[in-house]
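Here, each number is a calculation from the coordinates, and none is a lab measurement. Note that the coordinates shown come from a computational prediction; the quantities given were computed from them, not determined experimentally. Don't worry about glycine lacking a Cβ; one is built from the backbone with ideal geometry, like all the others, and counts go over all protein chains shown.
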C-alpha cells in the first residue's frame, strides 16, 4: 500500500488566519508588562515635575506674605538672629534673642525635613494680618513616598510700617511660653 497517496486524500482542518494582522505580530505578555511599567514611570515622573514648584514665589515687598517669607528663609538658612529680628516687639519682650537661639537650636530638625509651605490665603484687617498656610511634609521616596499635610495660621502685626510675626514661632512651629 502506498502511504503517500493515502495522505493526499486526508482532509486536514484549515488554519485560521486573520488577514488583518501579520503573522507573528503578537507581543509577548512579558513585553506588555515591561511596556506598562515604562508608561507608568513616565506618568509618575510627569506628575512629580508638574506638581513640584520651580522655586519660591515672589511677593510684593512690604506685604505680610513677603515678611513671613523673609522670616522663614532666615530660619531655613540658620540665621536665628535675623529670624528673631522679624518678630513683633511684644513677642521679643517675652522671647529674648538668647532664648530664641536656644529654642531655635532645639527646633533645628525642621531644616532637615522635606516639606513645602504653601500660602492658601491672607486676611488683612488694619495693622493685623493672618496668613493661612498648608504645610506638606514628604516621607519616603520613589513609589512608596507619602505626603502628609496640615494647615496653620500665622499672625502678623504692622509696627512702624513693617510687617512682623506676632506669635512665638521657630520656623513654622509654635513655641509655648515658658520656653
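Among 84, 132, the ranking by other beta carbons within 10 Å of each residue's beta carbon, starting with the fewest, stands as 132, 84. Note on residue 153 and residue 57: the extension gain reaches 32.7 nm, defined as 0.36 nm multiplied by sequence separation minus the Cα-Cα distance. For the pair residue 77 and residue 138, the difference between a 0.36 nm per residue extended length and the Cα-Cα distance amounts to 20.0 nm. If you plug the beta carbon distance of residue 119 and residue 41 into 1/(1 + (r/R0)^6) with R0 = 41 Å, you get a FRET efficiency near 0.80. When 135, 33, 91 are sorted by how many other C-beta atoms sit within 10 angstrom of their C-beta, beginning with the fewest, the order is 33, 135, 91. At an R0 of 22 angstrom, the distance between the Cβ atoms of residue 160 and residue 94 translates into a FRET efficiency of 0.70.
Ordered by the count of other Cβ atoms within 10 Å of each Cβ, fewest first, 118, 39 give 39, 118.
State the extension gain, in nm to one decimal, for the chain segment bounded by residue 174 and residue 32, taking 0.36 nm per residue of separation less the distance between their alpha-carbons.
45.9 nm
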